[in-house]
Amino acid sequence: PATALLLVAAAVSAYTFAMIGRCCKLTGTDTFREAWAKAIGEKNAWVMSLTSTGNTGLGCLMFSIILADAAASLFTALGAPALLTCRSWALLAVTGGILLPLCFLESCDAFKYTSLAGACGLVYTVVAMGVRYLDGTYLPGRPLHTQIAPHLQPAVGIHGGTVWSSQALVLVSCLTVAFTAHYNAPKFYRELERRSLPRFYLVAALGFTCAAAISLTGMICGFLTFGGTSAGFILNNYANKDGLIAAARTAISVSVICSYPLVFNSLREDVLEMMGMPRPPRRVMQRATLILLGLITGLAIVLPDLGVVAAVTGALFGSALVYIFPALIFLYATGSKASRQSIGDKRDVTRKFERTINYGIVLLGCLLAAIGTVTALRG
């Protein structure tokens, strides 16, 4: 069931991501908020801005939580000073020394090489998890089994429930987070070389296919290794003395560091746009960077539970950005005869079918947002 849920979530997310670019072209706009305002109305466009800000803000918070855990474990394995093995100080060191300079950058073009490095880090991490599952290093009686806390030791053979269970709802919320890049879709479309909708569709298809493959492999290897004791941040299950996983912690840290500026860039744009400064001067951008990054780092220090943050983010904000808002903009934008003709929908049957699908996506998003948030907070 988990595999099926992941594949469906990836497919729907890819479709709505591509549709955002399509709606931007249809409405002649450059941002998610502008597309909403043009298609639905300026009066309630604040809903889009608030949701996008909440999603990107919590996304940055999740990244900081991951960095805090990974950096502290890595510094411990490297024999760093005791101060850096503390989760809080490890995060402060990484934030001040690495994240802050990257977050001062303003254009997506500056991140094309860091994005490649981040993808390579994810691939290595998944490969390392696969190796540890296949060699059975963490099974009872094996060398590293006793090197981890009892509550993190493998507990295999536990039935995880059905696709209708509460665990499945939390998984769907987390998957929504994993496949959320929609706040950057207008910018990617705007900055795409030789921009056209077919090229944008191809980029979306390839990107989400790769993301699904990496996520599926990591999910399977992690659960088959540790079963019911799998932590919200799976690398916490592995021993600090495991050299292969220590390198994976470095790789995942590199991946998060390289991805962080992309999400932070959108957060900063959303906040400044809500404040009435869609194109602020560089000095204002730098001040906003310092304030926002400081707030996020402080919250990451006092909120260590990645699983709850990820589930709530996906259920509430992710569902809106991935499912509800793109479908709503499409439905409003294609509601008139003139707009239908402008996007080239020549066959009325095809148009009605696609609109029906989008009504279903809106309903799905609302259900996931409501049920997923309650389940995540209770569990």
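The values are calculated or read from the model by the stated rules, or taken from the named source; none is laboratory data. Worth saying up front: this structure is predicted, and the values here are computed from it rather than measured. Quick reminder, even Gly has a Cβ in these numbers, built from the backbone with ideal geometry, and neighbours come from all protein chains shown. Just so you know, the surface numbers come from the protein's heavy atoms only, side chains and all, with ligands and any DNA or RNA stripped out. Shrake-Rupley method; radii C 1.70, N 1.55, O 1.52, S 1.80 Å.
Of the listed requirements (1) more than 28 Å from Phe200 (Cα to Cα); (2) open to solvent by 40 Å² or more (accessible area, probe 1.4 Å), Thr3 misses just one: (1).
Kindly indicate whether any position in region 289-304 is open to solvent by less than 30 Å² (accessible area, probe 1.4 Å), at pLDDT 85 or above and within 17 Å of the chain's Cα centre (by Cα). Yes, region 289-304 contains at least one residue that is open to solvent by less than 30 Å² (accessible area, probe 1.4 Å), at pLDDT 85 or above and within 17 Å of the chain's Cα centre (by Cα). Cβ-Cβ contacts under 6 Å between residues 6 or more apart (or on different chains), taken from a first residue in region 219-231 that is under 12 Å from Arg132 (Cα atoms) to a second residue that is assigned to a helix (DSSP H, G or I) and of a type outside the set (Lys, Arg), are listed as Cys221/Met129; Cys221/Gly130; Cys221/Tyr133; Gly222/Met129; Gly222/Ile234; Leu224/Tyr133; Thr225/Tyr133; Phe226/Asn237. With the condition kept exactly as written, say whether any residue in region 95-111 is closer than 17 Å to Arg249 by Cα and either assigned to a loop (DSSP other than H, G, I, E, B) or open to solvent by 60 Å² or more (accessible area, probe 1.4 Å) (or both). Within region 95-111, one or more residues are closer than 17 Å to Arg249 by Cα and either assigned to a loop (DSSP other than H, G, I, E, B) or open to solvent by 60 Å² or more (accessible area, probe 1.4 Å) (or both). For region 163-214, the set of residues classified as under 14 Å from Ala2 (Cβ atoms), open to solvent by 40 Å² or more (accessible area, probe 1.4 Å) and either at pLDDT 90 or above or not hydroxyl-bearing (Ser, Thr, Tyr) (or both) consists of Val163, Trp164, Gln167, Leu169, Val170, Leu171, Cys174, Ala178, listed by residue number.
Going through region 6-43 one residue at a time, which ones are open to solvent by 50 Å² or more (accessible area, probe 1.4 Å) and of a type in the set (A, V, I, L, M)?
Of everything in region 6-43, those that are open to solvent by 50 Å² or more (accessible area, probe 1.4 Å) and of a type in the set (A, V, I, L, M) turn out to be Leu7, Val8, Ala11.
Of all residues in region 44-60, those being open to solvent by 10 Å² or more (accessible area, probe 1.4 Å) and hydrophobic (A, V, I, L, M, F, W, C) number 4. For region 171-202, a residue qualifies if it is part of a loop (DSSP other than H, G, I, E, B), without any contact (Cβ under 8 Å) to a residue 60 or more places away in the chain and within 14 Å of Ala18 (Cβ to Cβ), and the qualifying residues are Leu192, Arg195, Ser196.
Does Thr229 count as open to solvent by 20 Å² or more (accessible area, probe 1.4 Å) and at pLDDT 90 or above? No: the conditions fail for Thr229.
If only residues of region 237-249 that are open to solvent by 10 Å² or more (accessible area, probe 1.4 Å) and modelled with pLDDT under 85 are counted, the one that is nearest to the chain's Cα centre (by Cα) is Asn240.
Give the residue, chosen from Val131, Val127, that is assigned to a helix (DSSP H, G or I), at pLDDT 80 or above and surrounded by 15 or more Cβ atoms within 10 Å (Cβ to Cβ).
The match here is Val127.
For Ala376, the conditions (1) more than 23 Å from Ala18 (Cβ to Cβ); (2) open to solvent by less than 30 Å² (accessible area, probe 1.4 Å); (3) at pLDDT 80 or above all hold with the exception of (3). Apart from one condition, Gly222 fits all of (1) touching a Lys or Arg at 6+ places or on another chain (Cβ under 9 Å); (2) open to solvent by less than 10 Å² (accessible area, probe 1.4 Å); the exception is (1). For region 20-28, check the following and say yes or no: at least one residue is part of a loop (DSSP other than H, G, I, E, B), out of contact with any strand residue (DSSP E or B) (no Cβ under 9 Å at 6 or more places or on another chain) and modelled with pLDDT of 85 or more. Checked region 20-28: at least one residue is part of a loop (DSSP other than H, G, I, E, B), out of contact with any strand residue (DSSP E or B) (no Cβ under 9 Å at 6 or more places or on another chain) and modelled with pLDDT of 85 or more.
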